[in-house]
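S.K.: Take a look at the following structure, please.
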Amino acid sequence: MSVTLNINGTRREFDGDPDTPLLWVIRDDLGLTGTKYGCGIAQCGACTVHVDGQTLRSCSAPVSAVAGRQVTTIEGLASPAAKAVQKAWVALDVVQCGYCQSGQIMSATALLEKKPKPSDTDIDHAMAGNICRCATYQRIRAAIHAASAQLAG
Amino acid sequence: MSSLVKATLIMIVLAGTAGSLAGAEDLRGPETFASITNQSERSRALFVEAGRVLQHPRCLNCHPVGERPTQGNDGHPHSPLVVRGADDKGAIGLRCTTCHQNANYEPSGVPGHPLWHVAPKSMAWQTKSLRQICEQIKDPRRNGGKTPAAIHEHMAHDSLVGWGWMPGANREPAPGTQAQLGALIAAWIESGAACPAS
């Protein structure tokens with residue numbers, strides 16, 4: 001049974017088991033390896049993608065769940081909020097090992113797209129599901145605020 | 001395969017099955033309480049039995065008093081940190097649907113339902129006595145405007161309520177079945193919907 005996907009604006013077909021985790025399809029079948037596997041149980045956030053503008057832990061969703069919906073991976077981020085986040089991440093040297101950062105950026109971008117001027121509490125609540133073993137949390141927070149300031153002009 | 005090996009394998013399978021059913025406790029039906037001749041007493045007893053479902057972790061975890069749902073049979077704070085948000089469906093950027101999909105998902109063990117969300121604060125049950133929960137359920141100002149018939153319909157047929165008996169993974173289901181809960185609630189309503197003393 002074929003599942004039709006819209007990944008980063010491109011239509012793709014997946015002919016495997018519709019219950020396959022979306023993460024595997026993204027990485028193994030579509031070759032988009034920017035989205036990471038960290039835990040497989042929706043506890044770390046490294047697998048975060050956007051579906052119709054909302055965050056989704058792709059390790060915890062069957063590929064069938066996103067049939068016909070707009071899926072955006074880290075490779076496909078292009079919104080003003082995404083560009084501001086990427087710029088802030090570079091300016092503040094947020095990244096250490098980098099493994100969690102695709103997920104961090106996806107969650108941060110989703111937050112700013114819905115709430116361009118988030119409070120620290122908003123940041124806490126939006127980012128709580130993204131774990132960083134290098135503990136770059138303070139820089140992530142600062143970068144979200146910096147991106148917000150840039151969006152405000 | 002030798003008969004000893006076969007017997008051993010059968011015992012292992014049966015033990016595993018028994019283990020998974022061990023958490024599925026029975027719920028007593030309304031007929032069990034028919035011998036209580038005092039109507040109010042019988043009504044209260046019926047609700048106490050229904051309370052074994054209402055106060056089970058599968059139900060209580062999503063009826064928090066504060067901002068955060070809980071998890072597990074010990075009611076520890078939901079991990080990761082999530083809050084009810086403005087609409088009881090999560091915060092901006094971390095919605096319930098970020099992780100919870102339309103059905104339980106075995107590869108990740110994450111439970112799911114199309115309408116996954118936290119019960120509104122007016123329907124908070126954690127830290128409440130069974131009497132307080134009973135009074136809340138009966139109060140149209142706090143139960144979403146439900147009539148007694150609607151209360152029964154919700155308990156007996158709502159599919160998110162029904163998830164409590166099909167939680168997936170290694171989660172212990174609520175006692176009995178949703179049909180049994182429905183029968184208890186129907187009998188409770190018919191007997192005057194009396195609330196327990198405590």
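Quick note: the coordinates plus some simple rules give every number you see, no bench work behind them. On a predicted model such as this, the values are computed, not experimentally measured, just so you know. Neighbour counts run over all protein chains shown; Cβ positions are idealised from the backbone, glycine included.
S.K.: Ratio of region A:3-76's C-alpha Rg to 2.2 N^0.38 Å, to two decimals?
M.R.: 0.95
S.K.: To continue, here is another question. Can you put A:PHE14, B:PHE47, B:PHE33 in order of Cβ neighbours within 10 angstrom, beginning with the fewest?
M.R.: Taking fewest neighbouring Cβ atoms as first place, the list is B:PHE33, A:PHE14, B:PHE47.
S.K.: Please report B:GLU106, B:GLU49 as a ranked list, fewest other C-beta atoms within 10 angstrom at the top and most at the bottom. Write out the running numbers ahead of the final one.
M.R.: On the way: B:GLU106 11, B:GLU49 22.
So the ranking, lowest neighbour count to highest, is B:GLU106, B:GLU49.
S.K.: While we're here: Based only on other Cβ atoms within 10 Å, what is the fewest-to-most ordering of B:MET123, A:MET106?
M.R.: Ascending number of Cβ neighbours within 10 Å: B:MET123, A:MET106.
S.K.: Extending each Cα 7 Å along its Cβ direction at B:GLU172 and A:VAL90, get the distance between those two points in nm, one decimal.
M.R.: Rounded to a tenth, the inter-label distance reads 5.4 nm.
S.K.: Between A:ALA149 and B:VAL65, take the C-beta separation as r, use R0 = 45 Å, and let me know the FRET efficiency to the nearest 0.05.
M.R.: Result of the calculation: an efficiency of 0.75.
S.K.: Give the lysines reachable from A:LYS117 as a straight Cα distance under 29 Å; neighbours fewer than 8 places away on the same chain don't count.
M.R.: Candidates past the 8-residue exclusion: A:LYS36, A:LYS83, A:LYS87, B:LYS89, B:LYS121.
S.K.: Still on this structure, please answer the following. Show me, for region B:183-198, the HN-Hα J-couplings you get by feeding each phi into the Karplus relation (A = 6.51, B = -1.76, C = 1.60, θ = phi - 60°), rounded to Hz, glycine and proline as x.
M.R.: Karplus values, whole Hz, x for Gly and Pro: 5, 5, 5, 4, 5, 5, 5, 5, 8, x, 6, 7, 9, x, 5, 9.
S.K.: Could you give the Stokes-Einstein D for chain A in µm² per second, using the C-alpha Kirkwood radius, 4 °C, 1.567 mPa s?
M.R.: 84
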